[in-house]
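Step one of this worksheet: look at the structure below.
The values are calculated or read from the model by the stated rules, or taken from the named source; none is laboratory data. Quantities reported herein were computed from a predicted structural model and do not represent experimental measurements. Methodologically, a virtual Cβ is constructed for each residue, glycine included, from the backbone with ideal geometry; neighbour enumeration extends over all protein chains shown.
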Amino acid sequence: MPFRNPESRIKVGVSSCLLGEKVRWDGNHKRNRTVKNQLGRIFEWVPTCPEVEICMGVPRQAVRLMGNLKSPRLVATASATDWTARMTRYARKRSRELAKRGVCGYIFKARSPSCGVVRIPVTAQNGKTTAQGRGLFADAFMRRHSMVPVEDEDRLQDARVRENFITRVFAYHRLSQLFNGRMSRKTLAQFHQAHKCLLMAHSRKHEAALAKLIERAHRGSPAQWKTRYAEPFMQALTFKTTVKKNAAVLNYMLGVLKKSLSEAETQNVIQAIESYRNGSVSFIKPVTRIKRHVRKHKVDYLANQAYLNCSAQGQFR
Ligand code: SF4
């Protein structure tokens, strides 16, 4: 079961204003170059402006979150028009549609009372404002799709966050393909085996726990394996990779390859891993050498590793 990059681009939801659409309350956009130009080369966008979709118009009155933190209301600042019911209904409907369209990630506009993911101000009745809320649309989407990778445009300015997001979106896409196909204990075990190195690079603890789960998979039904496996799998990938973790995985791969390599070839890979570990070369160098040997010696176990085949690997390291 080879895990390669998909033929067509993976669909990712995005706040429309980040792509340059003039849908903001003031008739403007918030084009984000990192999102539109850099990530736009990798993903196919599925844009949504929830405020336009519920007919708030452009331009429109600005809105804010009011009431209690757990269930705030979306209220127009000047007229006090309450948009909560319409936004909640629309958010549920759109979240279902996005799942049907196969969206495997979402990039939200930061600091928006509709789209913001974190630290959105909520003003209580006594006038006190707490910046711990979440936009109503983003909240509905994230509750319905708790495993779908989500980020906001601010966090994505950090290259490591960006790389991690891309990795998780690709992984979620592969997981969805597995679950949408004819899943059996065998295909789940193959999936896990192909993701062993990727999981090790993020969290060895999760990799070991998931491997145990696969061993015990004969006890449950496919539906049970699905829920037990998917959540910790996606959670594992939220742990950041480090140079130390990557070097350990590269050494593990070298261990698998070793019996096929000559002494000179082995030393050549060791040297590349060490140079990566001490920061004198990028991640691409040892990976390219390992990939070359994997192809040359036809080592299927490594050739199928998502770690070597995921487009995010090495883009920013
Ligand atoms: S933040 Fe969300 S609601 Fe506001 S303009 Fe952008 S897409 Fe529309």
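Can you pull out the residues in the range 11-46 that are among the basic types (Lys, Arg) and more than 12 Å from the ligand (Cβ to nearest atom)?
Lys11, Arg33, Lys36, Arg41
Taking Ile54 as the residue in question, decide whether it is crowded, with 18+ Cβ neighbours inside 10 Å and within 15 Å of the ligand (Cβ to nearest atom).
yes
Condition check: surrounded by fewer than 17 Cβ atoms within 10 Å (Cβ to Cβ), modelled with pLDDT of 95 or more and of a type in the set (Gly, Ala, Ser). Does Ser95 satisfy that?
Taking the combined requirement at face value, the residue does not satisfy it.
Of the residues Asp154, Asp158, which single one is charged (D, E, K, R) and away from the ligand (no atom under 16 Å from the Cβ)?
Every option except Asp158 fails the conditions.
Residue under question is His218, and the condition is that it be in contact with a Pro (Cβ under 8 Å, 6 or more places away or on another chain) and in contact (Cβ under 8 Å) with a residue 24 or more places away in the chain; does it hold?
No, not satisfied.
Would you point out the residue of the range 216-258, among those that are of a type in the set (Lys, Arg) and over 17 Å from His195 (Cα atoms), that is farthest from the chain's Cα centre (by Cα)?
The selected residue is Lys258.
Out of Phe137, Phe191, Phe108, report the one residue that is closer than 27 Å to Gln224 by Cα, among the aromatic types (Phe, Trp, Tyr) and either within 16 Å of the ligand (Cβ to nearest atom) or crowded, with 17+ Cβ neighbours inside 10 Å (or both).
So the residue among Phe137, Phe191, Phe108 that is closer than 27 Å to Gln224 by Cα, among the aromatic types (Phe, Trp, Tyr) and either within 16 Å of the ligand (Cβ to nearest atom) or crowded, with 17+ Cβ neighbours inside 10 Å (or both) is Phe191.
If I ask for residues that are touching a residue at least 24 places away in the same chain (Cβ under 8 Å), assigned to a helix (DSSP H, G or I) and not charged (D, E, K, R), which ones from the range 259-280 would you list?
Ser260, Val269, Ile273, Tyr276
Kindly evaluate Gly102 against the criterion of being of a type in the set (Gly, Ala, Ser), within 16 Å of the ligand (Cβ to nearest atom) and modelled with pLDDT of 95 or more.
Spelling it out, it is not the case that Gly102 is of a type in the set (Gly, Ala, Ser), within 16 Å of the ligand (Cβ to nearest atom) and modelled with pLDDT of 95 or more.
Taking Arg86, is it touching a Cys at 6+ places or on another chain (Cβ under 6 Å) and within 29 Å of Thr123 (Cβ to Cβ)?
no
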